[in-house]
Structures are given as structure tokens and as C-alpha cells.
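Working notes, beginning with the structure itself.
Bear in mind that the values in this text are calculations on the coordinates, not laboratory data. Bear in mind the structure is a predicted one, so any value in this text is a computation, not a measurement. In this analysis, Cβ positions are derived from the backbone assuming ideal geometry, glycine residues included, and neighbour counts consider all displayed protein chains.
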Amino acid sequence: MSSVADVSGIRINPSILAADFVNMQAELARIATADFVHVDVMDNHFVPNLTFGPQMVGRIQATSPIPLDVHLMITDPERWAPEYAELGAASVTFHLEAAADPVGLARRLREIGSRAGIAVKPATPADVLFDILDEVDQILVMTVEPGFGGQSFMPETMPKLRLLADEARRRGSSVWLQVDGGISASTIEQAAEAGADTFVAGSAVFGAGDPDAAIAGLRAAAAASVHRH
């Protein structure tokens, strides 16, 4: 991971949903200064879109120069999530709304050796996560409705992020707070000011002529916002 990220505590995780799937290895090489590569797994059931499963993620894991941050937008995560941890993903995030036993699943992912993350849709309130903060390494606050890339950032999700950041501070938790959806140079400061430290960006990185420069710009904008507040 980049030393800049280590110093600032800001993580930039480009989403391969915005990458050229046919040239995935080359696309991954273009984001070598990122902290993680964000991999969206969708099942066309929990969300109305279908991406890829363990076989594709295994190939990405084998060729990526940076660790994988897998986001499972799927039903029955208890059945499928451990497989992604076993593939070697550094972080595996499942949706609270889809999990029958979120604490049990988070513990299982950690046992395998992955960081455990829980994601929540925009309408899910913050307080349902308070009592399980210590069971997870990352909370993903969706800043769009999950399912498709390229959507507009939802500023109305920021109060939820602030509540989670305040509660994490109150409890002395080191949980990472991630945002995903519509993150760009114009929205990352809002999210950083509200308490996010880990940012998923798709087209803002892969759509740029120089993805490394885009990553550096996003990192700097987030860090500047944190330092101002």
C-alpha cells in the first residue's frame, strides 16, 4: 500500500465495475497506487444486476498487484462469502439486509483470514450496526442504491455516516468506514468530512486519462477535508 495512504489514513479503492473487463490485467496495472481493488459481486437476485462469481474473482486475485476488497451484493451470504475469503480476498463485505447471522458470518470470515465488512443500503438506519461494531473491520455505507455503477451520490446518506463515525469514536472502535457510489472529486470531501476513511470510486478513476493521478487527487481531496474538520 502507498505510504501516502498510511500517513493520511485515507484509502482509495477503485471499483472494477468501471474497468474494461476484456483487459482486466492491464486495467489492474493502471491502479497500482490504490490501496485495494473493489470487486462487486452481484447475483441478479439481491440486486437487479449480474456481474461475476468466484471463478472470475479468483483470476483477479491471481493477477492483481493490490489486495482485493470484495463487496457481495448477494442473497445467502452465509453460504457464499467464506469462499471469497478462502480465495485470498483481503476483505469480504456482505450486506446486513441479506444476512441471517451477520455476527456469525463476520467471525467466520475473520477465522479464514479476511477482514470482515458489513454493508448497508441507503434506507437502512445506522443504529442497527452499533452493537456489532466490534465484530467487523469495515462498515460500507452505500451512497447509491446498490446494483449499478455510474449513479449519482446521495448526500442524504451523510447523517448516517456521521452517526456511525460518532459511535465508533465513542466506543474506541478502529472500524473502517467505507462509502461506495458516486464518489468523485466533487463528492469525496463531503464523505470524508462526515467520517469516511475508505472510498470506492469507479468511473472517477478508470474513466480518467491517468488513473494514478486521479487516485492521488481523490486521496488529497479527502485528506484535506479531514484536516480542515
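Every condition in (1) closer than 21 Å to Asp35 by Cα; (2) touching a residue at least 24 places away in the same chain (Cβ under 8 Å); (3) over 16 Å from the mean Cα position of the chain (by Cα) holds for Ser186 except the one numbered (2).
Out of the helices (runs of 4 or more DSSP H) lying entirely within region 1-119, which hold 2 or more residues that are more than 21 Å from Ala191 (Cβ to Cβ) and out of contact with any Cys (no Cβ under 8 Å at 6 or more places or on another chain)?
Answer list for region 1-119: 24-29, 54-63, 77-86, 102-112.
Taking strands (runs of 3 or more DSSP E) as the structural unit, those lying wholly within region 132-229 and holding at least 3 residues that are farther than 19 Å from Arg30 by Cα and of a type outside the set (Gly, Ala, Ser) correspond to 138-142, 176-180.
The criterion of being more than 28 Å from Met158 (Cβ to Cβ), without any contact (Cβ under 8 Å) to a residue 60 or more places away in the chain, out of contact with any His (no Cβ under 8 Å at 6 or more places or on another chain) and not hydrophobic (A, V, I, L, M, F, W, C) holds for Glu78. Go through the residues of region 115-127 one by one and say whether even a single one is more than 24 Å from Pro159 (Cβ to Cβ) and either touching a Phe, Trp or Tyr at 6+ places or on another chain (Cβ under 9 Å) or crowded, with 24+ Cβ neighbours inside 10 Å (or both). Yes, region 115-127 contains a residue that is more than 24 Å from Pro159 (Cβ to Cβ) and either touching a Phe, Trp or Tyr at 6+ places or on another chain (Cβ under 9 Å) or crowded, with 24+ Cβ neighbours inside 10 Å (or both).
Got a number for residues in region 81-114 being buried (at least 24 other Cβ atoms within 10 Å of the Cβ) and either of a type in the set (Asp, Glu) or over 17 Å from Leu140 (Cα atoms) (or both)? Number of matching residues: 1.
Of everything in region 193-213 that's more than 18 Å from Ala119 (Cβ to Cβ), touching a residue at least 12 places away in the same chain (Cβ under 8 Å) and small (Gly, Ala, Ser), which residue is surrounded by the most Cβ atoms within 10 Å (Cβ to Cβ)?
Among them, the one singled out is Ala204.
Looking across region 176-192, the residues that are of a type outside the set (A, V, I, L, M, F, W, C) and either crowded, with 24+ Cβ neighbours inside 10 Å or over 16 Å from Ala220 (Cα atoms) (or both) come down to Gln178, Asp180, Gly181, Gly182. Candidates are the residues of region 214-229 that are within 15 Å of Thr33 (Cα to Cα) and touching a residue at least 60 places away in the same chain (Cβ under 8 Å); the one that is farthest from the chain's Cα centre (by Cα) is Ala216.
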